[in-house]
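Colleague: Encoded as structure tokens, here's the structure I'll be asking about.
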Amino acid sequence: MSNVRFDYWGERVLVTGAAGLIGRALVCRFAGAGADVMAVDRDPEGLKVFKGVPRVTTVAGDLAREDFADEIFARIERAGGLDVLVNNAAITQHRTPLIDIDSRLWDEVIAANLRSVYLLSVRAARHWRDAGRRGVIVSLSSPGASRAHENQSAYDVAKAGIEALTRSIAVELGGAGVRAVCIAPASVVPDARETADLPSGRTTDPDQVADAALFLASPAAAQLNGSTLFVDGGLLARLRTDPSQEEATTHQVEVR
């Protein structure tokens, strides 16, 4: 349980991918800070974890479908509006070499990870424009947007697209009061533990990702726009994942 405190009383937050590991932490942290949260996921069974949780309503559906995105925002309008959109929905289970990916799988990954972000982000921006109000979009990216995972090319392309979309929103809509930022977490597991994979020596707890989202959506981050916050324990700063590999090769080749 996080000890970081934020005040979101009276604000309305939409969290996608709510039934997943990070999604559950996002929903609980925003609701715990006082926000009214709409938790959306395509897994209705997974959403049952929020039954009885105060200030949380759940909606099940496929966010890559335009008609479902329209339905979500019709609900938002009836509920009184939106202050924060958190794009967290993603599929991560596919591990397929690039040379073996067919167009069906490619389209499935891009739709779930990038198309859904576009569909909701553009509707949130229009909602805020039409209402004459400000809003924040926080999207979950990945270190894979900058450095490739092996056998996850479609996923990495989608995450890079999310960061590019975030920059476009910041540039085109920043003057209208719409902020867009990304979080790139690494090695997120249910219970933090020691690891040699990250320079910090510990894996990332889901609540640490949620804390970053609450900070980025808050007035404390008012001047952060179009940027990506790495919650990765120093992963991106390291040349190689395995320090022993660097030790073995440092005196053999020039490292670039």
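The values are calculated or read from the model by the stated rules, or taken from the named source; none is laboratory data. Just so you know, these numbers come straight off a predicted model, no measurement behind them. Virtual Cβ from ideal backbone geometry, glycine too; neighbours counted across all protein chains shown. The protein model used for the area step is the full one, side chains on, heavy atoms only, and it has no ligands, DNA or RNA in it. Shrake-Rupley method; radii C 1.70, N 1.55, O 1.52, S 1.80 Å.
Colleague: Looking for whichever is surrounded by fewer than 21 Cβ atoms within 10 Å (Cβ to Cβ) and out of contact with any Asp or Glu (no Cβ under 6 Å at 6 or more places or on another chain) here; the options are 124, 64, 111, 89. Which one fits?
Modeller: Exactly one residue qualifies, and that residue is 111.
Colleague: Within the stretch 181-205, track down each residue that is charged (D, E, K, R) and either in a strand (DSSP E or B) or surrounded by 13 or more Cβ atoms within 10 Å (Cβ to Cβ) (or both).
Modeller: 194, 197, 202, 205
Colleague: Within the stretch 2-54, restricting attention to residues that are open to solvent by less than 70 Å² (accessible area, probe 1.4 Å) and among the aromatic types (Phe, Trp, Tyr), which residue is farthest from residue 220 (Cα to Cα)?
Modeller: So the residue we want is 50.
Colleague: Which number in (1) surrounded by 19 or more Cβ atoms within 10 Å (Cβ to Cβ); (2) not in a helix (DSSP H, G or I) marks the one condition that residue 149 misses?
Modeller: Condition (1) is where residue 149 drops out.
Colleague: Another question, if that's okay. What are the residue pairs meeting all of these: first residue in the stretch 129-157, first residue closer than 17 Å to residue 90 by Cβ and free of Cβ contacts under 8 Å to residues at least 24 places away in the same chain, second residue polar (S, T, N, Q) and open to solvent by less than 70 Å² (accessible area, probe 1.4 Å), Cβ atoms under 7 Å, and 6 or more apart or on different chains?
Modeller: Matching pairs, first to second residue: 144/152.
Colleague: While we're here: Select, from 222, 210, the only residue that is under 22 Å from residue 5 (Cα atoms) and exposed (fewer than 14 other Cβ atoms within 10 Å of the Cβ).
Modeller: 222
Colleague: Between 27, 40, which is under 22 Å from residue 141 (Cα atoms), not aromatic (Phe, Trp, Tyr) and not in a helix (DSSP H, G or I)?
Modeller: 40
Colleague: Give the number of residues within the stretch 98-108 that are in a loop (DSSP other than H, G, I, E, B) and open to solvent by less than 50 Å² (accessible area, probe 1.4 Å).
Modeller: Matching residues across the stretch 98-108 total 1.
Colleague: Also, I was wondering about something else. Working only within the stretch 64-97, note down all residues that are of a type in the set (Ser, Thr, Tyr) and in contact with a Leu (Cβ under 8 Å, 6 or more places away or on another chain).
Modeller: 96, the sole residue that qualifies.
Colleague: Only one residue in 20, 46, 61, 52 is under 19 Å from the mean Cα position of the chain (by Cα) and free of Cβ contacts under 8 Å to residues at least 24 places away in the same chain, so which one is that?
Modeller: Selected residue: 61, the only one of 20, 46, 61, 52 that is under 19 Å from the mean Cα position of the chain (by Cα) and free of Cβ contacts under 8 Å to residues at least 24 places away in the same chain.
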